[in-house]
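The values are calculated or read from the model by the stated rules, or taken from the named source; none is laboratory data. Here the structure is a predicted model, which means the values were calculated and not measured. With ideal geometry, Cβ positions are generated from the backbone for all residues, glycine too; neighbour counts draw on all protein chains shown. Side chains are part of the model used for accessible areas, which takes the heavy atoms of the whole protein and leaves out ligands, DNA and RNA. Shrake-Rupley method; radii C 1.70, N 1.55, O 1.52, S 1.80 Å.
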Amino acid sequence: MSPKLQFSAIFWCLTGIVAAYGQECGRPPLVENRIVGGMDSADGAWPWQVDVQTFTAGHICGGSIITENWVLSAAHCFPNPSDTGSHIIYAGRFQQNGINLHESMHRVSRVVIPSGYIEPHSGKDLALVQLSSPVTWSDHVRPVCLPASGTLFPGGMPCYVTGWGHIRDGVPLQGVGTLQQVQVPIISQSSCWEMYRTDPTEQVDILYDMICAGYQEGSKDSCQGDSGGPLVCQMVNGTWVQAGVVSFGLGCARPNKPGVYTRLTSYSTFISNTIPDIQLYGRATQNWCGRAAVLVSCLFSLLTLLQR
Ligand code: 4AZ
């Protein structure tokens, strides 16, 4: 291929990506690889993580950046959704009690919760939180991808949950309060249902809009204060896609009581209806510019192959 053709191919590819995503989601630029039983994360490893605070209580929940104006969190973090004035969202935060050079603070203009939400045990535990001022993209502030409805997160898939929540039942995170991460595999719906159903003391129904992650033996889990934060899984192409929102559990890291998360594939329509310009992972580009770019890149690839 001539240099001119190669240049146009690259140009159209980049145009396609930018047209499709605005800011590419699920790609932390600072860390190549990559709570209870977790460890300190690296600065910038989870650039979509936000801290949800109230003026009166300080840290209450986590959340994730999905567009420059919207954060995803849990409904139970916003018991009074019309009272938007009480919450503050911190993006680019790494340490609760340290200096955060890349941090920005945002007020909330709107909180959208699925109709019929009552409490975490009955599902629908998610909140779309619109910011009064947009975040500014940087190496420390990036969006996570959200899954289209058909995206699969099979049992055993290794995923991560992150947050500043308790490090054990009733034990808050101490010291500088570095963002914690822990790897938790997805637990299939049937196994999770079995684990929670067999408890004689407290029976919990695992509904279709819930997804479980953790270990049958316990010891690694999300906990109080991690609520609203993201459960993310790396797809085969390296992109991080959020599978769930920290919702509840029976205590933290107990055997047969894995963490229960709001299943995001159940809410792709709700999310697209609330944020029309959001691009879901696994769904073809919808706008003409993205489509044209994909078409042109395909033609170029075909031409290159034919020239060999
Ligand atoms: C909570 O209280 C909470 N082990 C969050 C997550 C889990 C348990 C409790 C999951 O916010």
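Take the Cα of residue 191, step 7 Å toward its Cβ, do the same at residue 95, and the gap between the two points is 3.7 nm. In order along region 124-137, phi translates into HN-Hα couplings of 6, 8, 9, 9, 9, 10, 8, 8, 6, 10, x, 6, 9, 5 Hz, rounded to whole numbers, per the Karplus curve 6.51 cos²θ - 1.76 cosθ + 1.60 with θ = phi - 60° and x for Gly and Pro. Qualifying chymotrypsin sites (Phe, Trp or Tyr not before Pro) in region 185-218, where qualification requires a DSSP coil assignment and no more than 10 other C-beta atoms within 10 Å, comprise 208. Length gained on full extension, residue 115 to residue 199, computed as 0.36 nm times the residue gap minus the Cα-Cα distance: 27.2 nm. Count charges around residue 250 for me, please; just the other residues with Cβ under 9 Å from its Cβ, Lys/Arg as +1, Asp/Glu as -1. Its environment carries a net charge of 0.
Per residue, region 98-195 exposes an accessible area of 44 Å² to a 1.4 Å probe, with every protein chain left in place. Rounded to the nearest 0.05, the FRET efficiency derived from the C-beta distance between residue 307 and residue 88 at R0 = 51 Å is 0.35. Using θ = phi - 60° in the Karplus curve 6.51 cos²θ - 1.76 cosθ + 1.60, the 3J(HN,Hα) couplings for region 249-258 round to x, 9, x, 10, 6, 7, x, 6, 10, x Hz; x is entered for Gly and Pro.
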